[in-house]
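The structure appears right after this line, and notes come after that.
The values are calculated or read from the model by the stated rules, or taken from the named source; none is laboratory data. Keep in mind that what you see is a predicted model, and the values were worked out from it rather than measured. Here the Cβ positions follow ideal geometry from the backbone for every residue, glycine too, while neighbour counts run over all protein chains shown.
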């Protein structure tokens, strides 16, 4: 298990999407403006293997384009409107801006297991290129175990987090199997007993997606380490 980075209690989920289009440079800058010190974002590969910042597996919801990300070359995405005139960012550019803003980064790998080796290498190379030792140590997360295992072969020291929607059977075994340092779990699937179980085993607990200050406080009272939020104004 890698050492877990010093991470903020509130993490900007896809930047600051209540205030700017999600997973865009504008959202990244807005998160910083609202006081964020950490942000989470999603990485997918285009048809030609370029890593971009996008949550969905299609262009339909967040851009004025159509079609599957994995079947579209970046050259066909470069001029799409990702909201308010923003472009779909490449991972290299996103990391450069995050570094300039001195933001900690949680990189969620969204690819399927079929491209695990390819996407892990792209993320690893981007971090090697753009992320210097003086910046906050990153966190790499995924729902897909194979993505985490592929990344681990490239970087034995990176902190990894397994993402789940509900409390899984054999939770600790699943975390151990991917050499994770943390569990990322939906807010309605965690309780104080589960938090204690994870902490006692040495794991951090990160919870999504929390957009009310009262809910965040309830989770912190349980012992949760961090929450992901779309609305950074709840941080107070």
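The table below gives the values:
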item	result
Residue that is part of a loop (DSSP other than H, G, I, E, B) and farther than 13 Å from residue 226 by Cα, where the choices are 16, 8, 36	16
Criterion: closer than 30 Å to residue 102 by Cβ, modelled with pLDDT of 95 or more and part of a loop (DSSP other than H, G, I, E, B) - qualifying residue of 210, 184, 195, 205	210
Residue list for the stretch 58-88, filter: over 19 Å from residue 118 (Cβ atoms), outside any loop (DSSP other than H, G, I, E, B) and over 20 Å from the mean Cα position of the chain (by Cα)	76
Residues that are surrounded by 18 or more Cβ atoms within 10 Å (Cβ to Cβ) and part of a loop (DSSP other than H, G, I, E, B), drawn from the stretch 39-54	46, 54
Residues (under 15 Å from residue 171 (Cβ atoms) and under 19 Å from the mean Cα position of the chain (by Cα)) located in the stretch 191-223	203, 204, 205, 206, 207
The stretch 95-115, residues that are crowded, with 21+ Cβ neighbours inside 10 Å and in contact with a helix residue (DSSP H, G or I) (Cβ under 7 Å, 6 or more places away or on another chain)	95, 98, 103, 105, 107, 109, 111
